[in-house]
Amino acid sequence: GESVGLHLPTLSVQEGDNSIINCAYSNSASDYFIWYKQESGKGPQFIIDIRSNMDKRQGQRVTVLLNKTVKHLSLQIAATQPGDSAVYFCAEKTEGSARQLTFGSGTQLTVLP
Amino acid sequence: DGGITQSPKYLFRKEGQNVTLSCEQNLNHDAMYWYRQDPGQGLRLIYYSQIVNDFQKGDIAEGYSVSREKKESFPLTVTSAQKNPTAFYLCASSIRVPSYEQYFGPGTRLTVT
């Protein structure tokens, strides 16, 4: 079946550096994507979303890039802070699906002092 | 304060017992979801409900049951038929249209011994 996957399971960055978390998706019918942040022992929190008619969307310190040609999604976090340490999931919605979102396995981001 | 609540945060049961996990939302959302999360893995969909008195199986429904008698509530029962019930269970809700963003509760960690 279709799946959402991540290139790297873990990512360590120095505090203050920029972070880039990648996500590959395989369903060309996916028309909406979300990035979630999950801190240890808590539920996922919405970070940012993007529709398939866009290539880029910016939020506060975060940017999501969508490359439909290669079915790739990335989350960029500027000036990474210790509070950014968490697992980051991408999720996709497939057009016409009633099931809403399909989640990837996540990337553990660790911010080093 | 609007949001999703799950209770309890930690739950312990003996093997062979059924257990019901609570999920309540006051966001006036139509759709509700149950996910299971195992260590180092993404979220897997157990059941979802788009409207009161209606629900559909997700990817891993075997050994679980749900009900949706009220818009605000979507309890999940983990039955003795679930072979590996120990996991972190997450409930979510969303407005069916136009947004697909899912709001998550804090989760319940179930341990069965």
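The values are calculated or read from the model by the stated rules, or taken from the named source; none is laboratory data. Treat the numbers as computed from the prediction; the structure is a model and nothing was measured. Ideal geometry is used to build each Cβ from the backbone, glycine not excepted, and the neighbour counts take in all protein chains shown. Accessible surface is based on the protein model in full, side chains and every heavy atom, while ligands, DNA and RNA are left aside. Shrake-Rupley method; radii C 1.70, N 1.55, O 1.52, S 1.80 Å.
Which numbered condition in (1) open to solvent by 20 Å² or more (accessible area, probe 1.4 Å); (2) more than 21 Å from A:GLU15 (Cβ to Cβ); (3) charged (D, E, K, R) is the only one that A:GLU92 fails?
Unmet for A:GLU92, out of (1) open to solvent by 20 Å² or more (accessible area, probe 1.4 Å); (2) more than 21 Å from A:GLU15 (Cβ to Cβ); (3) charged (D, E, K, R): (1).
Just name the residue that is nearest to A:SER30 (Cα to Cα) out of those in the range B:73-108 that are open to solvent by 50 Å² or more (accessible area, probe 1.4 Å) and in contact (Cβ under 8 Å) with a residue 12 or more places away in the chain.
B:ARG96
Table: residues versus (1) open to solvent by 50 Å² or more (accessible area, probe 1.4 Å); (2) within 13 Å of chain A (Cβ to nearest Cβ).
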site: B:GLU24; (1), (2): yes, no
site: B:HIS29; (1), (2): no, yes
site: B:LEU110; (1), (2): no, no
site: B:THR113; (1), (2): yes, no
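Go through A:ILE21, A:ILE77 for me and flag whichever is within 21 Å of B:GLN102 (Cα to Cα), open to solvent by less than 50 Å² (accessible area, probe 1.4 Å) and at pLDDT 90 or above.
A:ILE21
Looking at A:PHE33 and the list (1) hydrophobic (A, V, I, L, M, F, W, C); (2) within 28 Å of B:PRO106 (Cβ to Cβ); (3) open to solvent by 60 Å² or more (accessible area, probe 1.4 Å), which single condition is not satisfied?
It fails just one condition, (3).
Give me a count of the residues in the range A:93-108 that are charged (D, E, K, R) and at pLDDT 90 or above.
Residues that pass the stated criteria total 0.
Only strands (runs of 3 or more DSSP E) wholly contained in the range A:9-113 count here; list those with 2 or more residues that are within 14 Å of another protein chain (Cβ to nearest Cβ) and farther than 19 Å from B:CYS91 by Cα.
The qualifying strands (runs of 3 or more DSSP E) are A:19-25, A:30-38, A:45-51, A:86-94, A:107-112.
Criterion first (of a type outside the set (D, E, K, R), surrounded by 20 or more Cβ atoms within 10 Å (Cβ to Cβ) and without any contact (Cβ under 8 Å) to a residue 40 or more places away in the chain) does B:TYR33 satisfy it?
no
Does the range B:85-94 contain any residue that is assigned to a loop (DSSP other than H, G, I, E, B) and more than 14 Å from chain A (Cβ to nearest Cβ)?
Scanning the range B:85-94 turns up at least one residue that is assigned to a loop (DSSP other than H, G, I, E, B) and more than 14 Å from chain A (Cβ to nearest Cβ).
Could you tell me which residue of the range B:40-65 is least open to solvent (accessible area, probe 1.4 Å), considering only residues that are away from chain A (no Cβ under 12 Å) and among the hydroxyl-bearing types (Ser, Thr, Tyr)?
B:TYR64
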